[in-house]
Every structure is written in structure tokens, then in C-alpha cells.
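The values are calculated or read from the model by the stated rules, or taken from the named source; none is laboratory data. Keep in mind it's a predicted model, so treat the numbers as computed, not measured. Don't worry about glycine lacking a Cβ; one is built from the backbone with ideal geometry, like all the others, and counts go over all protein chains shown. Protein only, heavy atoms only, side chains kept; ligands, DNA and RNA dropped before computing areas. Shrake-Rupley method; radii C 1.70, N 1.55, O 1.52, S 1.80 Å.
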Amino acid sequence: MPIVRILSVVWFFSFCCISFADQIVLTNGDRLTGTIMKADDKTLVIKTEFAGDVTVQWPAVQEIHSTQTLYLVTRGEKTLVGTVTTADGNLAVGTTTSGTATVAKADVTALRNDEEQATYEKSLHPTLLHDWAGGANVGFALTRGNSETKNLALAFTADRRTQHDEITMYANTVYATNDAAGAVPSVTANTTQGGARYAHNLTTRLFGYGSADFQTDALQGLNLRSVLGGGLGLHVINTNVTTLDLLGGLNYTRESYTTLKRNFAALTVGEELMHKLGVSTIFNEKLYFFPDLNEIGEYRATFNLGTVTKLSKWLGWQNAFGDIYVTYPPIGKKENDILLTTGLNVSFSH
């Protein structure tokens, strides 16, 4: 009798634990018990007691039985709140307001528990200090003896992307000197670039943007170039692995050289590409063309290419190449300015 009572108690508590846990059944007959965290039309995440978070393919889920309240989103952007069970191949949501609602499994776009729903709702209206990601790049070289040189390269990028808009900022500078006696020029590089852009999604593919870019280059005699612009852009490709945007608009350029000053309006035509190479490397490429509307045939073009390879969670290796071409530089100055930097990248996110 004592053994029977003990087994009865064990069975009772085991039954209660199972009764107050979510359960999914896979197409191969396997069952997983735990807490359903979230799902979309590709995967489902369930938190189990001993295996932690387990991710399964959504098409492989045959049945769902939840004891907790879930938020189910349909393709029509309708959200149903309640316990979810499987009935006749469909999902039945036991809502507290309108009874049981039946949804075809193929029409489900998202499934979240209370914790994930709170995180999702917070992501819809983040503060300006949240969702930032970026990094700083530092490179330094020094020689002494037969040669006397030093070179410093700094770069900074930051990006804040939400479901509705995006803010990007960048800055880079290169300063180099030849300290050998009688070297002319003693300063061999002294250039700085920086800018920011704000883009807001008008539709899932169309967005509007405004930008401001600035540049100085002592050896070109450029005291300051300011470019203020805006226009429309198109998300041609927008996936987690690859993004490709086409942009077009107008800009107003002010240039102050040591020998002249000029202001003019210009068109903006460009494209931006991002592609993830494996799990640790990101490839970026940008090409812009700025035809002068005041002087037909004159233009400025910029090309940027870069990679960042993660070495650890916060440390990476960055390579960046940039070329600025101007068809009408001041007399005695070259049309091209090329900038190549490489070094360690310290990343951050908030």
C-alpha cells in the first residue's frame, strides 16, 4: 500500500506539471513539453526544462496545446489572444471576448507568449537611445630610424533601425606626416569625412530620406564641403542576409576651397548593398553619382567598399576603401581622392 500511495502521488504531480505546460507534437510523432515562446511562418521556439530553448521548423509542427495565453497574428494583421489548441488541422484560439476562433495554420504569421509580446510592443515604439549598433575602427603606424613617419586612421559608424525608420551616422579621418628633416610636404594626408541620414518607410518597399554629409581635405585645399539632400528610395532586396536599396533625389552643395567658393544644386542617384558572408563577415558597398545642375557635364561621384569580420562578440577586423571623384577640382589639384583603412573594430549595441 505505501508503494501504491507513493506512485499515486508521483503520478499526480507529474500529471499536474504536464497539465500546466505547453506541448507541441511534431509530424514524426515526437512531443516537446515546456513553454511556447514565439513562432513565425518559419520556426517555433519552445523553452524546455532540461534542453533550454528548442527551435523547430514551423511546417514540422503538427499539433499545439497551450495552457498559457498566446498572441496569434494572422496574415490579415488580426491578433487573437487566448489559449491555442489544434483541432482538425487548424488552430483554435480560446479567446475571453469572442469565444473560440479557428485559424488555418498556413494563415499564422506570428505567435507570442506574454513575455515576447511585451518585447514586441516595446520594439514598436523604442526611445531614441535604444536599438543602436555600430563600431569604431582605429589604426596607427609609426616609423623611426631611416624613415620618420606616423599615420593615424579613425572611423566610426552607428545605425539605429526600427520597423518604421532608420538613422545612420558615420565619420572617418586619416592624418599622416613625414617627419624626416626637409620633407616636403611634411603633412602627407589630412582628410575628414562625416555625415548622417534619416530614412522613414512610406510602404514596405518605398522610403523617404534626408541626409547631411561633410568633408575636409587639407591637401586638396578643401576647407569644407557641405551636402544637404533628400529624396526617395526603394528596397529592391530586404532580407536578413542581403539588402539592396536604390536612391534618387536632390541635394544642395556648398564648397569652400582655399582658392574659390561655389554653391550649386545637384541630383542624387545611388545604390547601397549589404550582404552577409557566412556568420562572421558583413560586406558593404555604396555608389553615388551627383550631376551638377548648374554646369552640365560636371559631376561628383563617390564609391565606398568595406568588410567587417567578427573576431569575438565585440571585436572585429575592418577594411574600408573609398574613392571621391570630382570633374572640376581647383587648378593644380587632382580629381581623385582615395582612402584605404584597415584595423581593429570595436563594436557596440544598445
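List of remarks:
- Scanning the range 92-115 for residues that are touching a residue at least 40 places away in the same chain (Cβ under 8 Å) and part of a strand (DSSP E or B) returns Val108, Thr109, Ala110, Leu111, Arg112.
- Failed item in (1) surrounded by 14 or more Cβ atoms within 10 Å (Cβ to Cβ); (2) among the charged types (D, E, K, R); (3) over 19 Å from the mean Cα position of the chain (by Cα), with Glu295 passing the rest: (1)
- In summary, strands (runs of 3 or more DSSP E) completely within the range 248-350 and bearing 1 or more residues that are touching a Pro at 6+ places or on another chain (Cβ under 6 Å) occur at 261-277, 299-310.
- Residue within the range 326-335 that is under 21 Å from Leu224 (Cα atoms), among the small types (Gly, Ala, Ser) and open to solvent by 30 Å² or more (accessible area, probe 1.4 Å) present: yes
- Of the set (1) basic (Lys, Arg); (2) over 15 Å from Gln117 (Cα atoms); (3) surrounded by 11 or more Cβ atoms within 10 Å (Cβ to Cβ), all apply to Lys42 but (3).
- When Gly248, Gly278 are screened for being under 25 Å from the mean Cα position of the chain (by Cα), over 21 Å from Gly322 (Cβ atoms) and at pLDDT 95 or above, only Gly248 passes.
- Residue among Ala118, Ala141 that alone is surrounded by fewer than 17 Cβ atoms within 10 Å (Cβ to Cβ) and assigned to a helix (DSSP H, G or I): Ala118
- In the range 176-212, of all residues being modelled with pLDDT of 95 or more, open to solvent by 40 Å² or more (accessible area, probe 1.4 Å) and touching a Leu at 6+ places or on another chain (Cβ under 9 Å), the one that is nearest to Glu148 (Cα to Cα) corresponds to Leu206.
- Yes/no for Thr100 being out of contact with any Cys (no Cβ under 6 Å at 6 or more places or on another chain) and modelled with pLDDT of 90 or more: yes
- Filtered by the rule that a residue be open to solvent by less than 50 Å² (accessible area, probe 1.4 Å), touching a Leu at 6+ places or on another chain (Cβ under 9 Å) and assigned to a strand (DSSP E or B), the range 148-175 gives Thr149, Ala153, Arg160, Ile167, Ala171, Asn172, Thr173, Val174.
- When the range 192-237 is filtered for residues that are β-branched (Val, Ile, Thr) and under 18 Å from Tyr325 (Cβ atoms), the ones remaining, listed by number, are Thr216, Val227.
- Subset of the range 264-292 that is among the aliphatic types (A, V, I, L, M) and farther than 28 Å from Pro330 by Cα - its residue that is least open to solvent (accessible area, probe 1.4 Å): Met274
- Test: Ala106 is within 30 Å of Thr74 (Cα to Cα), open to solvent by 50 Å² or more (accessible area, probe 1.4 Å) and modelled with pLDDT of 90 or more: yes
- Condition check for Thr258: under 25 Å from Ala141 (Cα atoms) and open to solvent by 30 Å² or more (accessible area, probe 1.4 Å): no
- Boolean, Val93 is out of contact with any Cys (no Cβ under 7 Å at 6 or more places or on another chain), surrounded by 17 or more Cβ atoms within 10 Å (Cβ to Cβ), more than 30 Å from Thr192 (Cα to Cα) and not aromatic (Phe, Trp, Tyr): yes
- Per the conditions (1) surrounded by 14 or more Cβ atoms within 10 Å (Cβ to Cβ); (2) of a type in the set (D, E, K, R); (3) closer than 30 Å to Thr281 by Cβ, the sole criterion not satisfied by Arg225 is (3).
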